[in-house]
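S.K.: One structure, as structure tokens, below. Some questions next.
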Amino acid sequence: MHDVISPGDTDVTPPGAFPAAASAGDELAGQSAAGQATAFPLTARNPAVARRAGLAPRRRYRLRTSAGAAEPATAGTSTRTPPAAGYTRSPVYVLSLVVGLTLIVVGFLISAALDDTIAGFVADVVDHTSTWPEAVRLAPAALALTTQLVVVVTLNGWLLVTRRFRRFILMNLAVALSSVLASALVLVMDSLSTGLGFERDAAAIFVPSVANVVAAATILRPWISTRAFRWLVIAAGWMGLAVVWSAGHTSPWAALPPLPVSVAEAQLSGAVAIIGVGITAGSLVALAFKTPGQIASPSLLVAALTRHGLDVAEVSPAKVDARGSRPWRGVTWDGRRLFIKTLSAEQRAADLLYRMWRALALKRSGDREPFTSLRRAVEHEAFLALAAASRSVRTPPLLAMGELTHGSFFLAYEELPGTSLDRLNRAELTDELVAQVFDQLTALRRSGIAHRDLRSANILIDAHGAPWIIDFGFAELTMDEELLDRDVAQLVAALGSQLGPERTTPLALACLGPERLAAGLAWLQPHSLGAATRHALGSDAAVHRLRERMRTLAGIEELIVPDVRRVSWRQMLMVGSLAAALVLLAGQISDFAALWHNLGEIDRRLVVLTLVASAATYVGATLGVMGAVAQRIRFLPTLTAQLASSFTNRLTPARLGGMATNVRFLIRRGVPGPAAVSAIGLNTVVGFGIHILMLSGAAWAAGRSPGEVSVPTPSAGTLMVLVAVIVVVSVTTYFTPFGNRLLREHLLPSLRAAIAAMVAVSRRPARLVQLIAGSVLVTGAYTIAMLFSLQAVGSDVGLAAAAFAYLAGSAVATAAPTPGGLGVVEATLVAVYAAIGVQAEVALLAVVLFRLATYWLPIVPGWLALNHLTRTGQL
């Protein structure tokens, strides 16, 4: 609910005054004013202005807030921002939560790095104070306990006397949560650093007290003064120092034992983390139970505008798209309409969170360093609005800027009647209007102003059909061509979503020129556009289609599209899989000393044979590629290409890099593109089939050989269930839209291409034999390299069982999302060999030797081969 006049009060708006809300036909930034909240006449807020207008109110007006408290209507009498109606999860507490969690992590790192130094410091304090008089030793602890008692009584008493029961409950919940978290934190630090016991009876008095005060200060920060907040910070710091001072000494109360030195060490080493715990606890409670949002009251806003020379008759909240601020509408006594933006700590916190997310997710976000305060950010927006207006950019005039309360500001612009670009239909978007919009973009570029939010909602079309640029909240004054080109991308994407590329491209080309349009199209990608523009386009694929269509229509041959993402979902999956594999691998090793001892017992002759077997895999891969194509290609260049593909496989998961390298190599050797893709696909299919046949053979041999590990075979019932599951999944996939599209667009074409390639190769028996022989050599050489590795470290497992374990484990690890199966292959092979009776340390050493020969050592030759092929034009 918004503020309303108390029952019985009378509005004395003079004749001819403007209505409470703008008419339904008036719009600002594309948003209709219809349905706005009740306006606030100046005569009910500022009697002084009413008297200057010759109108004296007949009674004293008071404004009632949503909480029911009466607020004096006289301008300037209220210096606090009352809570808005309703409770929200404020971004201020989200930012505080991020800060608190960061401090906990940093505190743990500091504790681990400075553990010995802190322990020595605490020991020195205990030694030096042990001979001091008892009164001096106990004074800090007594004062700290007294401070805690005073803080608790004062805060709770103030909240109860002022009948702020919700804040009372929230504060005590935050204190209780911080007590639990702080005690657990000290317990963990104490156990990790010293291994001593944890005495809760003594620590319960001192340790949580710091976090408790910080939690109370965090959750009450919007409602207490800056001076009171500083005193709470001082109290928290004093109580923390008292813990260290009192370590090892008798408690001020004889019934309590001395505070353990280990707890004091944990308290000092974890000081940063304990502060983070308090901030985290207060933020969690505030977010869980919500807190009143902070918004300027209408009377406060009217008073501020009046101080800056704007005699406002009425103000009303404006439900328009004004990102990063709370918008209002106002009408002055002389008839001017105002658009007012108010900004507070909530908007500041939301902006900082948005910048943090972009800094983590994007490599080239285009964001500059955030301003040191909200005041600087508001002044920057005001400066850019004035600079744009003075440099022939059509933008609404800035009338006033000022402070509402401490830390809350406003910007008042002249409101222009009109509608935003996104509210116009295609018929209203004439070529002349679009050309004028591009002219305004050109004026911004000449002025060195990057708007950085040039979406359709921020282009206002006035009653005469002229475009105006509004909202410079994200703008920068810069000559950085990259930022200026991003404005081009934003605008052509916004217009392309409304007009289509066929109409947008010629107009953009005529107004901007081919060079500038090409530079802008390079930034036409999902992560460089605003959320509103991406939503209008529909999907990331639609953004890519729009860019390619506009590039084709503009006659631009090739675009160099920079990658702005710092991380992708695939990279996160790769890192997560690698971390999980390493954890699994570490869990399988129980004795690193034995592992290190076994390094000196490796048979070096078998190591050499392992390297020879690894090299043989490249010969097999070369034969396979040569046999998969109908054209005749030379052996040495193809062998070089296999080395290069091994290097690119280290950079991409699922061997995609190697396949792409081979396809490119074949195309450069004169093989048609479709035939090259079919050949590599055929080689992959044949290699998979050979792997399955060799796996089946190894399982049969392991089961029949005496002394070998028995290989479990599924029963007939199990096979029937497995077949039934495969049939059900296949049919279900076929009848789902996604599965049907995947089958028709990817699987079936690939299968047809492989069959066609197989038919073409089968007409030349020598090539077919070469293809199969190459696949057999690749899989067999890898298997032999693994067997040599096992024998080199002294494993006595049978050859058939070892071959079966390798083929089964490598088949499972093929699906790993990490490059070359890094981490997953190692963990899987160690687990498989441990399952068939190989000691975990021996299995790990064998796998490390195998991966060294087949994964790590070929990296340098592969890189050299890739550079050679690239330099000589063969890739």
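S.K.: Go through region 600-637 residue by residue and tally those that are under 19 Å from VAL677 (Cβ atoms) and polar (S, T, N, Q).
M.R.: Final tally of qualifying residues: 2.
S.K.: Here's a check for you: in region 137-155, which residue that is of a type in the set (S, T, N, Q) and surrounded by 17 or more Cβ atoms within 10 Å (Cβ to Cβ) is modelled with the highest pLDDT?
M.R.: Among those that are of a type in the set (S, T, N, Q) and surrounded by 17 or more Cβ atoms within 10 Å (Cβ to Cβ), it is THR147.
S.K.: Let me ask you something else. If a residue must be modelled with pLDDT under 85 and open to solvent by less than 80 Å² (accessible area, probe 1.4 Å), how many such residues does region 165-180 contain?
M.R.: Of the residues in region 165-180, 2 are modelled with pLDDT under 85 and open to solvent by less than 80 Å² (accessible area, probe 1.4 Å).
S.K.: Return a yes/no flag: does region 670-688 have any residue that is in contact with a Gly (Cβ under 8 Å, 6 or more places away or on another chain) and more than 22 Å from THR779 (Cβ to Cβ).
M.R.: no
S.K.: Kindly provide the set of residues from region 847-869 that are open to solvent by 40 Å² or more (accessible area, probe 1.4 Å) and more than 36 Å from the chain's Cα centre (by Cα), ordered by number.
M.R.: Selection gives PRO861, LEU864, HIS868.
S.K.: Just to confirm my filter: which helices (runs of 4 or more DSSP H) fall fully inside region 513-608 and include at least 2 residues that are at pLDDT below 60 and open to solvent by 80 Å² or more (accessible area, probe 1.4 Å)?
M.R.: Ranges flagged: 569-587, 592-598.
S.K.: Scan region 303-312 and give yes if some residue there is touching a residue at least 24 places away in the same chain (Cβ under 8 Å), in contact with a helix residue (DSSP H, G or I) (Cβ under 6 Å, 6 or more places away or on another chain) and of a type outside the set (Val, Ile, Thr), otherwise no.
M.R.: Within region 303-312, one or more residues are touching a residue at least 24 places away in the same chain (Cβ under 8 Å), in contact with a helix residue (DSSP H, G or I) (Cβ under 6 Å, 6 or more places away or on another chain) and of a type outside the set (Val, Ile, Thr).
S.K.: Could I ask something else about it? Among the residues of region 467-482, are any farther than 28 Å from LEU553 by Cβ, in contact (Cβ under 8 Å) with a residue 24 or more places away in the chain and open to solvent by less than 10 Å² (accessible area, probe 1.4 Å)?
M.R.: Within region 467-482 (the criterion being farther than 28 Å from LEU553 by Cβ, in contact (Cβ under 8 Å) with a residue 24 or more places away in the chain and open to solvent by less than 10 Å² (accessible area, probe 1.4 Å)), the answer is yes, since at least one residue qualifies.
S.K.: Considering each residue of region 398-414, count those that are at pLDDT 90 or above and either in contact with a Pro (Cβ under 8 Å, 6 or more places away or on another chain) or open to solvent by 40 Å² or more (accessible area, probe 1.4 Å) (or both), and give that number.
M.R.: Looking only at that region, the number is 4.
S.K.: Which residues, taken from region 329-345, are in contact with a Gly (Cβ under 6 Å, 6 or more places away or on another chain) and not in a helix (DSSP H, G or I)?
M.R.: Hits for region 329-345 are LEU338, ILE340.
S.K.: Let me ask another. So which residues in region 385-413 are within 22 Å of LEU374 (Cβ to Cβ) and among the aliphatic types (A, V, I, L, M)?
M.R.: If the condition is that a residue be within 22 Å of LEU374 (Cβ to Cβ) and among the aliphatic types (A, V, I, L, M), then ALA385, LEU386, ALA387, ALA388, LEU398, LEU399, ALA400, MET401, LEU404, LEU411, ALA412 are the ones that fit.
S.K.: Pairs under 6 Å by beta carbon, first residue over 20 Å from ASP453 (Cα atoms) and touching a residue at least 24 places away in the same chain (Cβ under 8 Å) in region 412-431, partner of a type outside the set (D, E, K, R) and open to solvent by 60 Å² or more (accessible area, probe 1.4 Å), six or more apart or different chains?
M.R.: PRO417/ALA463
S.K.: Only residues in region 135-156 that are more than 21 Å from LEU220 (Cβ to Cβ) and part of a helix (DSSP H, G or I) count as the first member; pair them with residues that are among the aliphatic types (A, V, I, L, M) and at pLDDT below 75, Cβ under 6 angstrom, at least 6 apart or cross-chain, and list the lot.
M.R.: Within 6 Å, the pairs are PRO140/ALA242; ALA141/ALA242.
S.K.: Does LEU790 qualify as being crowded, with 18+ Cβ neighbours inside 10 Å, out of contact with any strand residue (DSSP E or B) (no Cβ under 8 Å at 6 or more places or on another chain) and of a type outside the set (Phe, Trp, Tyr)?
M.R.: yes
S.K.: Taking the stated definitions as given, is VAL277 modelled with pLDDT of 60 or more, more than 18 Å from PHE168 (Cβ to Cβ) and open to solvent by less than 30 Å² (accessible area, probe 1.4 Å)?
M.R.: Criteria met by VAL277.
S.K.: If you don't mind, another one. Filter region 284-328 for residues that are closer than 19 Å to ASP471 by Cα and either aromatic (Phe, Trp, Tyr) or part of a helix (DSSP H, G or I) (or both) and give the result.
M.R.: TRP328
S.K.: Need the failing condition index for ASP311 against (1) surrounded by fewer than 21 Cβ atoms within 10 Å (Cβ to Cβ); (2) of a type outside the set (S, T, N, Q); (3) within 23 Å of SER90 (Cβ to Cβ), just the number.
M.R.: ASP311 satisfies all of (1) surrounded by fewer than 21 Cβ atoms within 10 Å (Cβ to Cβ); (2) of a type outside the set (S, T, N, Q); (3) within 23 Å of SER90 (Cβ to Cβ) except (3).
S.K.: Would it be correct to say that VAL625 is among the hydrophobic types (A, V, I, L, M, F, W, C) and either open to solvent by 30 Å² or more (accessible area, probe 1.4 Å) or farther than 21 Å from ALA766 by Cα (or both)?
M.R.: Criteria not met by VAL625.
S.K.: Kindly indicate which of ALA457, ALA463 is within 29 Å of the chain's Cα centre (by Cα), among the aliphatic types (A, V, I, L, M) and within 24 Å of PRO327 (Cβ to Cβ).
M.R.: ALA457
The values are calculated or read from the model by the stated rules, or taken from the named source; none is laboratory data. For clarity, every value in this text was computed on a predicted model and none was experimentally measured. Positions of Cβ are generated from backbone atoms using ideal geometry, with glycine treated the same way; all protein chains shown enter the neighbour counts. Side chains are part of the model used for accessible areas, which takes the heavy atoms of the whole protein and leaves out ligands, DNA and RNA. Shrake-Rupley method; radii C 1.70, N 1.55, O 1.52, S 1.80 Å.
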